[in-house]
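What follows is a set of notes on a single structure, which appears directly below.
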Amino acid sequence: MKFNTKTRYGVRTMLEIAVNNSPHGIFQKDISKNQEISNRYLDHIIAALRVAGLITSVKGKKSGYMLTRKPSEISIYDIHKAFEPGINIVDCLAANKQCEQELKCASKRIWDELNKLIVDYLENKTLDDLIHIREEINP
């Protein structure tokens, strides 16, 4: 299982916005520079995070982006869902997927349990947790 680039960059973008203390938010060009994400690619990430209701642009001249909720209220799974509908470590776990082996497949239960563990983990890790990790790494 591998998380796509948009999800990974989305987490980095959200962290950059979260650690910014300006009442005017942080500019996209500063996020791009600080996180080494091309401004063009960051456009797509910002758009998805806005549609998901995780960030908003601050009103007024010379304003940037801010979180819509406290970092402790935004899970890593919330960020992931801005880019993907969910997590399915195997295709047969997708809601719209029918499998001929479904009723007699013992391994599906194992994959489903692992999938739930991953989702639970990401739901319980917040942007606030990332801020604390960042502070430990970069005192």
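Any read-out appearing in this document is the output of simple, stated calculations on the displayed coordinates, not a laboratory observation. For clarity, every value in this text was computed on a predicted model and none was experimentally measured. So basically every Cβ, Gly included, is an ideal-geometry build from the backbone, and we count neighbours across all protein chains shown.
Values as computed for the structure displayed
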{"quantity": "HN-Hα J in Hz across the range 24-33 - Karplus 6.51, -1.76, 1.60, θ = phi - 60°, x for Gly and Pro", "calculated": "9, x, 10, 6, 4, 5, 6, 4, 4, 5"}
{"quantity": "Computed E for V51/K108 - FRET, C-beta separation, R0 41 angstrom, nearest 0.05", "calculated": "0.80"}
{"quantity": "Simple label model, 7 Å out from Cα along Cβ direction - K59 to M1, nm", "calculated": "4.2 nm"}
{"quantity": "Projected label distance in nm at I89 and S22, using a 7 Å step from Cα toward the beta-carbon", "calculated": "4.1 nm"}
{"quantity": "Reported label for calculated Rg and Dmax of the Cα atoms in Å given [x] 17.6, 52; [y] 17.6, 61; [z] 21.9, 80", "calculated": "[y]"}
{"quantity": "Nonlocal amide H pairs with I74, under 5 Å, H built at 1.01 Å", "calculated": "L127, D128"}
{"quantity": "Using alpha-carbon coordinates, inclination of helix 127-137 to the longest axis of the chain, degrees", "calculated": "70 degrees"}
{"quantity": "Between helix 39-51 and the chain: long-axis angle, C-alpha atoms, 0 to 90°, nearest 10", "calculated": "70 degrees"}
{"quantity": "Spacing of the two label points (7 Å from each Cα toward its C-beta) at K33 and E136, in nm", "calculated": "3.0 nm"}
{"quantity": "Cα centre as origin, Lys/Arg/Asp/Glu Cβ charges: the range 5-137 dipole, Debye", "calculated": "600 debye"}
{"quantity": "Rounded to 10°, Cα long-axis angle of helix 5-19 versus longest principal axis of the chain", "calculated": "40 degrees"}
{"quantity": "Qualifying trypsin sites (Lys or Arg not before Pro) for the range 59-139 [loop in DSSP, other Cβ within 10 Å: at most 16]", "calculated": "K59, K61, K62, R69, K97, K125"}
{"quantity": "Length released on extending from D43 to I118, taking residue separation times 0.36 nm less the Cα-Cα span", "calculated": "24.2 nm"}
{"quantity": "Residue-wise HN-Hα coupling along the range 66-73, computed from phi with Karplus coefficients 6.51, -1.76, 1.60 (Hz; x: Gly, Pro)", "calculated": "9, 6, 8, 9, 5, x, 6, 9"}
{"quantity": "Least to most buried among I74, I45, I31 (fewest other Cβ within 10 Å first)", "calculated": "I74, I31, I45"}
{"quantity": "Estimated 222 nm signal from helices in the chain, with DSSP H stretches of n ≥ 4 weighted -39500 (n - 2.57), rounded to 500", "calculated": "-16000 deg cm²/dmol"}
